[in-house]
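One structure is given here, and the rest of the page talks about it.
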Amino acid sequence: MAKETILSVKDLEIEFNLRGKTLQPIRKISLDLYKGETLAIAGESGSGKSVFTKSFIGMLDSNGTIKGGEIIFEGKDLTKFKKEKEWLQIRGKKIAMVFQDPMTSLNPLKRIGEQIREVIIEHKVVPKEQAKQRVIQLLSEVGIPDAESRYSDFPHQFSGGMRQRVVIAIAVACQPDILICDEPTTALDVTIQSQIIELVKKIQKELKITVIYITHDLGVVAEVADRVAIMYAGQIVEIGTAEEVFFDPRHPYTWALLSSLPQFGEKGGELFAIEGVPPNLFKKIVGDAFAPRNRYALEVDFLAEPPYFPVSETHKAKTWLLDPRAPKISPPDVIRRIKERDYWQSDGGAV
Amino acid sequence: MSRIEREPILKVEDISVYFKNGKKTVHAVNHVSFDIFKGETFSLVGESGSGKTTIGRAIVRLNQIQTGRIIFQNEVISGKISRTLHSKVVRKVQMIFQDPMASLNERAKVNYIISEGLINSREYKNQQELDDRVHHALLDVGLLPEFASRFPHEFSGGQRQRIGIARALIMKPDFIVADEPISALDVSIRAQVLNLLNKFKRERGLSYLFIAHDLSVVRFISDRIAVIYAGKIVELADAERLFQKPLHPYTKNLLSAAPVPDPRLAKSKVVTIYDPTQHDYSKEKPTFSEIEPGHFVYGNVAELEKYSKEL
């Protein structure tokens, strides 16, 4: 399958200005997004995963600026956009976003049908007269029963899961090319979570869109992702297909994340815990940002930033451990067990 | 440990909690019973609104119960009780809350937050002892004693949750209600808190009621699990047994929805949908029955028969 790049990020750097101090949440990220794929971006809070994707739709907070690099989409460099007018051609229309908390992303004073209609009319998806019909169609597509009568309900009359469906309906109202889902299920119950994941999959298939999933839950990642990017301290430290990242991870941070999952823990035993805290992004980071928390850190990790080392055509990791001169270090036992499916939750529950 | 030797530290007998909302009465908890044994982690799992937190709050006497009773260390602690018993409950039963960002007093320093319980119950001789105990509580949860003079906003989420645990531990409790203690935390920090809870269970013989909605975590930490749906416990079993042989359709639904961090399994997983109308309880009343030793399911005679065939 020939991969067509739909969005290409090169050496993106973002800075925030906080009371005179500068913070660098994104430190030179390059990423090619392929048409039709689902890319999951995983990492702990503060790793920059939301900031990174918000820059695709010009929604950085006002104290944030793009310091360098480019974001190429449809032949245009989005980082060069100055006016809101330019962004309106992209945001919502070509690239849409679903946010974490469905409780706060809808206007509580407006009927939900109106909120979707607004988007359709603004972007002139269909003639005005057909807008309402289209809204009802959208609502039933995202699985809201009795869509016609719920058109004039207010957000508070919907449950959390239903509200997230409405938010998704708004996001896909203009049939965007790229849908960014920022922790779309974190605020929801597990049973509702799986329904929303299914819904996004269904929409992706029907509209043939590209999906970026931002999440800290590796269980969700495994379920949705074709490719996985692991972020740490403003950089992508490892990227590969889902199978590569789960079964053959190379970066010690990915090892640590996977090992700390309770699903892979041994009952009654200690669960692997990552010591320390993520680095202070106000300070300049020397070497590998993960080094101070990394039990496999080499001397060079504290001195120089590692480049990407390719593992396969689709898989690369940013760690000195992959340098041919590095000592051979085998990943923790848990990683081997995941691959051989030799962990205690191997029955995958019961169905 | 054999089943007979185990001695219950807490008995919940047929409790109900109703909330009145105007004319409507919400049956948040509907005739629920279970025992928690000494040194055990007992988990309550269910979706939001199922009543799991209400049960936890009823145990620490924050919610009144309308039926039944709660027995802690062989004394009834629900309803009207004597002042001395109340203060014993306040000391011996502690709660850890879900959101460490919201559950700490922003305007108090850490040493006050941690020692507040001691101060209120006058459980100390002098300032020296109070400081010592705060010092030890901080060390116990892996924080530095000098943190005592700082404010909560200076800490990360994981550290704040540990302050919440230190605040509970300083009272030398026998029983802790942990209400979703890790769901607001980052993946890498969850492990630290789970390890900490397990450590105190081992070292001090603490018993826990662990309230959660995420089954993957629950399996790791619990000895026994109760699944609650709409204010009723629908299934209760040893943790491993529940995962091997879930019987109630709602339990199956919950298990099938839990995220599996394995791309091969996850992509082929089938999520079953639970439809509460599938139960016909109009003719026969359902009961909560022991279907095999230690494994309880809620259902009527016909259902129970069907479940026992699945075993």
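Would you mind ranking A:His216, B:His153 by Cβ crowding within 10 Å, fewest neighbours first?
Least crowded to most crowded, the residues run B:His153, A:His216.
In a solvent-free Debye calculation with one equal scatterer on each Cα, what is log10 I(q)/I(0) for segment A:269-349 at q = 0.23 Å⁻¹, listed in the order of the q values? Here the Debye-derived log intensity ratios amount to -1.19.
Pairs from the table (A:Lys201/A:Lys339; A:Lys128/B:Lys267; A:Lys94/A:Lys316; A:Lys3/A:Lys284) lying more than 32 angstrom apart at Cα are A:Lys128/B:Lys267; A:Lys3/A:Lys284. For segment B:266-305, compute Rh as the Kirkwood radius over C-alpha pairs and then the Stokes-Einstein diffusion coefficient at 20 °C and 1.002 mPa s; write the answer in µm²/s, rounded to an integer. Result for D is 176 µm²/s. Normalised by 2.2 N^0.38 Å, where N is the number of residues, the alpha-carbon radius of gyration of segment B:209-257 equals 1.00. For A:Met162, A:Met103, the sequence from fewest to most other C-beta atoms within 10 Å is A:Met103, A:Met162. With 19 Å as the limit, the listed pairs B:Lys201/B:Lys252; A:Lys267/B:Lys232; B:Lys232/B:Lys252 have B:Lys201/B:Lys252; A:Lys267/B:Lys232 beyond it between alpha carbons.
Farthest towards the positive end of the charge dipole of chain A, among the residues A:Ile209, A:Ser159, A:Leu257, is the Cα of A:Ile209, using unit charges on the Cβ of Lys, Arg, Asp and Glu.
Return one number: the angle in degrees, 0 to 90 and rounded to the nearest 10, between the long axis of the Cα atoms of helix A:112-122 and the longest principal axis of the Cα atoms of chain A. Value to nearest ten degrees: 90.
What number, rounded to the nearest 500 deg cm²/dmol, is the helix-based mean residue ellipticity at 222 nm of chain A, given -39500 (n - 2.57) per DSSP H run of at least four residues and division by all its residues?
Theoretical 222 nm ellipticity from helices: -8000 deg cm²/dmol.
For the protein assembly as shown, the average shadow cast by the Cα convex hull is 33.2 nm², which is a quarter of the hull's surface.
Counting other beta carbons within 10 Å of each Cβ, put A:Cys181, A:Cys174 in order, fewest first.
A:Cys174, A:Cys181
Taken one residue at a time, the phi angles of segment B:235-249 give Karplus couplings (6.51, -1.76, 1.60, θ = phi - 60°) of 7, 9, 6, 4, 3, 5, 4, 4, 6, 6, 10, x, 10, 5, x Hz. Gly and Pro are set to x. Cross-link pairs exceeding 29 Å between alpha carbons, from the set A:Lys10/A:Lys283; A:Lys21/A:Lys49; A:Lys80/A:Lys124; A:Lys76/A:Lys110: A:Lys76/A:Lys110. Over segment B:56-124, the hull volume per residue, using the convex hull of the C-alpha atoms, is 110 Å³. Shape descriptor for chain A: Rg over Rh equals 0.99 (Cα atoms; Rh from the Kirkwood inverse mean 1/r). Amide H contacts for A:Tyr232 (H built 1.01 Å from N in the peptide plane; partners 5 or more residues away or on another chain; cut-off under 5 Å): A:Val237.
For segment A:243-339, the Cβ-based charge dipole about the Cα centre amounts to some 80 debye (Lys, Arg positive; Asp, Glu negative; other atoms uncharged). Taking 17 Å as the cut-off, the amide N atoms of segment B:38-56 that come nearer than this to a point 7 Å along the Cα-to-beta-carbon line of B:Asp238 belong to B:38-43. Relative contact order of segment B:53-97: 31 percent, from C-alpha pairs under 8 Å at least 6 residues apart in sequence.
Using only Cα atoms, find the angle between the long axis of helix B:83-92 and the longest principal axis of chain B, and express it within 0 to 90 degrees, rounded to the nearest 10. Around 90 degrees separate the two axes. Across chain B, the fraction of Cα-Cα pairs farther apart than 38 Å, rounded to a whole number, is 17%.
Once you charge only the Cβ atoms, +1 for Lys and Arg and -1 for Asp and Glu, what is the size of the charge dipole of chain B about its Cα centre, to the nearest 20 debye?
On the way: 44 positive and 37 negative charges, 121 e Å.
For chain B, the charge dipole is close to 580 debye.
Adding -39500 (n - 2.57) for every DSSP H run of four residues or longer, then dividing by how many residues chain B holds, sets the calculated 222 nm ellipticity at -10500 deg cm²/dmol.
Normalising the average separation of contacting C-alpha pairs (under 8 angstrom, six or more residues apart) by the number of residues puts the relative contact order of chain B at 20 percent. In this label model, A:Asn280 and B:Met101 are separated by 2.2 nm, measuring between points 7 Å along each Cα→Cβ vector. Could you tell me how far the Cα centroid of segment B:85-162 sits from the Cα centroid of segment A:80-135, in Å? A separation of 47 Å, based on Cα centres.
Look at the dipole of the protein assembly as shown built from charges on Cβ: of B:Tyr298, B:Thr54, A:Leu188, the Cα furthest out on the positive end belongs to B:Thr54. Pairs of alpha-carbon atoms within less than 8 angstrom and 6+ residues apart define the contacts here; what relative contact order does segment A:5-225 have, in percent? 25 percent. Counting only Cβ charges, +1 for Lys and Arg and -1 for Asp and Glu, the dipole size of the protein assembly as shown around its Cα centre is about 1380 debye.
Between the Cα long axis of helix A:190-207 and the first principal axis of chain A there is an angle of about 70°, rounded to the nearest 10. Which listed residue (A:Leu109, A:Val200, A:Gly48) has the Cα farthest towards the positive end of the charge dipole for chain A, taking +1 on Lys and Arg C-beta and -1 on Asp and Glu C-beta about the Cα centre? It is A:Leu109.
Rule-based calculations on the coordinates, nothing more; no lab input. Treat the numbers as computed from the prediction; the structure is a model and nothing was measured. Every residue, glycine among them, receives a Cβ derived from its backbone with ideal geometry; neighbour counts consider all protein chains shown.
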